[in-house]
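The values are calculated or read from the model by the stated rules, or taken from the named source; none is laboratory data. Values in this document were obtained by computation on a predicted structure and should not be read as measured data. All Cβ positions, even for glycine, are placed from backbone atoms using ideal geometry, and neighbour counts span all protein chains on display. Note: areas computed on protein heavy atoms with side chains; ligands, DNA, RNA excluded. Shrake-Rupley method; radii C 1.70, N 1.55, O 1.52, S 1.80 Å.
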Amino acid sequence: IRFAAEGFAVYPLLERSIGSHVAEYRRWASNTAIFLPGGRAPKTGEKFVQTDLARTIQFMADQDRAAGPDRLAGLDAAHHAFYRGDIARAIVRFQEQEGGYLSMADMAEYRSAIEPVVRRSWREHELITCGPWCQGPALHEALALLERVGIAGLPHNSATYLHRIAECVNLAMADREYHFGDPAFVDVPVDYLLDPATIARRAAAVRDDRAFGEMPAPLDLSNRSYQASAAELPKVEADTSYCCAVDRWGNAFSATPSDGSGNVPVVPGLGITPSGRGSQSRPDPKHPAGVAPGKRPRLTPNPAMVVTGAGGVMPFGTPGGDVQTQAMLQVLLNIFQHGMEVQDAIEAPRFASYSFPSSFAPFEYFPGRLAVEGRIDPAVRADLAGRGHEVQAWPEWT
């Protein structure tokens with residue numbers, strides 16, 4: 001509350017992030033007032049103040065305290081203020097004014113359920129992810145495919161090493177496209193996809209001499225066509241965070257909070273935005289992630305944990321949209337396959353495939369495209385191109 005009310009110093013990443021979306025912030029007066037004070041993007045070192053946001057959080061805190069000493073009663077009062085009380089009314093009033101569909105009933109009925117995780121053994125460790133309403137099972141599948149294809153003894157970021165990772169990622173992300181959606185609405189065959197027999201059949205398609213060059217077909221050979229995009233690759237956005245903690249008793253927390261502020265309107269007087277995540281629902285209702293009443297979009301935020309064979313716990317995750325699973329996979333291998341220290345594992349150069357439809361509207365698809373950071377050896381990049389990857393240069397650090 002204090003940081004919102006009194007402000008904090010703008011840091012370089014915040015200056016760049018707001019500065020790259022000035023035209024979007026100008027779409028709504030409520031966004032302009034906060035993010036473009038004085039009509040321009042704030043500069044590094046200037047104070048960034050959010051008085052409406054401070055008031056909104058303070059109101060919930062006041063409701064909490066007014067409920068008395070019972071903490072659960074206080075939290076319930078704050079929750080009521082947001083989903084049924086004054087805050088909800090302000091949100092819904094603005095939605096109606098702008099031609100939106102959100103109602104007081106929608107707000108009141110919302111629940112954030114506790115859902116089953118997906119957990120599988122990997123080597124002597126255990127990997128735990130969220131379910132198929134995000135990308136979690138794709139990380140399991142990519143790891144299982146790699147174990148089947150084999151990367152033992154391959155030098156880090158050598159051409160064959162990167163090729164095999166890319167092809168296993170492409171198989172896992174293809175299955176994400178064909179199957180993943182809100183499990184309350186879609187029968188997602190997670191156990192089938194991660195079954196060793198399925199993994200073996202999928203892995204048999206990987207060839208060392210030739211990249212897929214497009215999204216691999218589903219195992220059921222159903223006829224689905226996808227239109228390649230002529231656009232540029234999406235730019236890397238700084239609108240997702242990752243946060244984790246482990247306490248002295250070994251309890252671990254892993255979360256990937258994510259929403260933009262340039263592509264959605266701030267609710268006047270509240271300083272908060274409704275989520276734009278509905279844009280990850282497909283307009284085709286027949287798609288596993290197709291839009292439907294009450295159905296969640298299939299999300300990219302993808303927090304995970306590893307419980308090590310020695311009994312330790314490592315929460316991990318990253319920003320990056322469709323790159324999240326891929327970056328997490330590479331960092332995991334850097335630590336457990338190559339023995340890197342965590343900081344070195346994070347900083348090591350990486351690549352990302354875009355050879356599957358994006359999770360974001362307009363769901364662009366770049367067959368065979370492999371973006372590779374500039375620090376990876378040019379000879380390796382040439383080798384990957386020779387195997388059929390459409391290699392695109394990323395800056396040295398992306």
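Could you please give the count of residues in the stretch 271-294 that are in a loop (DSSP other than H, G, I, E, B), in contact with a Leu (Cβ under 8 Å, 6 or more places away or on another chain) and open to solvent by 20 Å² or more (accessible area, probe 1.4 Å)? Outline the logic, then answer.
Initial filter on the stretch 271-294 (in a loop (DSSP other than H, G, I, E, B)): 271-276, 281, 283-289, 291-294.
Now drop any that are not in contact with a Leu (Cβ under 8 Å, 6 or more places away or on another chain), which leaves 271-272, 274.
After this cut, where a residue has to be open to solvent by 20 Å² or more (accessible area, probe 1.4 Å) as well, the list is 272, 274.
Number of matching residues: 2.
Filter the stretch 161-186 down to the residues that are more than 16 Å from the chain's Cα centre (by Cα) and outside any helix (DSSP H, G or I), then identify the one that is surrounded by the fewest Cβ atoms within 10 Å (Cβ to Cβ). It would help to see each step written out before you state the result.
Applying the first criterion (more than 16 Å from the chain's Cα centre (by Cα)) to the stretch 161-186 yields 161-168, 170-171, 174-175, 178-179, 183-186.
Okay, now just the ones that are also outside any helix (DSSP H, G or I), so 183-186.
On the way: P183: 15, A184: 11, F185: 16, V186: 19.
Ranking the candidates gives A184 first.
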Do we have any residue at all in the stretch 207-226 that's of a type in the set (A, V, I, L, M, F, W, C), crowded, with 20+ Cβ neighbours inside 10 Å and part of a helix (DSSP H, G or I)?
no
Identify, by number, the condition in (1) in contact with a Pro (Cβ under 9 Å, 6 or more places away or on another chain); (2) within 24 Å of T240 (Cβ to Cβ); (3) surrounded by 14 or more Cβ atoms within 10 Å (Cβ to Cβ) that F94 doesn't meet.
(2)
So which pairs qualify, if the first residue must be in the stretch 55-75 and under 14 Å from D86 (Cβ atoms), the second must be not in a loop (DSSP other than H, G, I, E, B) and not aromatic (F, W, Y), the Cβ gap must be under 6 Å, and the two must be at least 6 apart or on different chains?
M60/A78; M60/A81; Q63/A77; Q63/A78; Q63/A81
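Results for (1) surrounded by fewer than 16 Cβ atoms within 10 Å (Cβ to Cβ); (2) hydroxyl-bearing (S, T, Y), shown as yes or no for each residue.
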residue	(1), (2)
Q326	no, no
L332	no, no
D344	yes, no
S353	no, yes
P362	yes, no
Y365	no, yes
E373	no, no
D377	yes, no
Kindly provide the set of residues from the stretch 98-116 that are open to solvent by less than 70 Å² (accessible area, probe 1.4 Å) and of a type in the set (S, T, N, Q), ordered by number.
S103
Scan the stretch 305-317 and tell me whether some residue there is within 30 Å of S281 (Cα to Cα) and either open to solvent by 30 Å² or more (accessible area, probe 1.4 Å) or touching a His at 6+ places or on another chain (Cβ under 8 Å) (or both).
yes
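Working only within the stretch 5-25, note down all residues that are charged (D, E, K, R) and over 26 Å from the mean Cα position of the chain (by Cα). Show your work before the answer.
First pass over the stretch 5-25, keeping only residues charged (D, E, K, R): 6, 15-16, 24.
Hit for the stretch 5-25 is E6, nothing else.
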